[in-house]
Amino acid sequence: MHDHLRGLCAQTLEKWGGTLLECNGEADHMHLLIELPPTVQLSILVKNRKTVTSRLLRKAYGKALARWYRQPVL
């Protein structure tokens, strides 16, 4: 799941003109080092990235995540 999330983050950042420089984390959180053009508002990018990756991870790993998440959130 971690590798899938890394790929989703890289794809999302590319669409915004950014680059994923480094990605690591634990079972319950991630750390991302990113590079963005100065025209991108960080708060909007983070909101978009969290929404998109949450939706796609729940779609791909719904049965595995249902054990911990009863609501459609991640």
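Of the residues Gly17, Gly25, which single one is in contact (Cβ under 8 Å) with a residue 12 or more places away in the chain and touching a Pro at 6+ places or on another chain (Cβ under 6 Å)? Give the derivation first.
Working: Gly25 fails: touching a Pro at 6+ places or on another chain (Cβ under 6 Å).
After ruling out the rest, the residue left standing is Gly17.
Can you give me the number of residues within the range 59-74 that are in a helix (DSSP H, G or I) and either aromatic (Phe, Trp, Tyr) or modelled with pLDDT of 85 or more (or both)?
The total comes to 3.
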All positions within the range 1-10 that are assigned to a helix (DSSP H, G or I) and either touching a residue at least 40 places away in the same chain (Cβ under 8 Å) or aliphatic (A, V, I, L, M) (or both): His4, Leu5, Leu8, Cys9, Ala10
Of everything in the range 31-61, what is hydrophobic (A, V, I, L, M, F, W, C) and closer than 12 Å to His4 by Cβ? Give them in sequence order. Leu56, Leu57, Ala60
Leading residue by the ranking (farthest from Trp68 (Cα to Cα)) among those in the range 4-35 that are over 10 Å from the mean Cα position of the chain (by Cα) and modelled with pLDDT under 90: Gly25
Among the residues of the range 23-42, which ones are in a loop (DSSP other than H, G, I, E, B) and within 14 Å of Leu8 (Cα to Cα)? none
Could you tell me which of the residues Leu13, Leu45 is surrounded by 11 or more Cβ atoms within 10 Å (Cβ to Cβ), in a helix (DSSP H, G or I) and touching a strand residue (DSSP E or B) at 6+ places or on another chain (Cβ under 8 Å)? Leu13
Pair list, Cβ under 8 Å, 6 or more apart: the range 39-59 residue among the β-branched types (Val, Ile, Thr), other residue part of a helix (DSSP H, G or I): Val52/Leu8; Val52/Thr12; Thr53/Leu5; Thr53/Leu8; Thr53/Cys9; Thr53/Thr12
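The values are calculated or read from the model by the stated rules, or taken from the named source; none is laboratory data. Bear in mind that the values here come from a model prediction, so they are computed numbers and not experimental data. With ideal geometry, Cβ positions are generated from the backbone for all residues, glycine too; neighbour counts draw on all protein chains shown.
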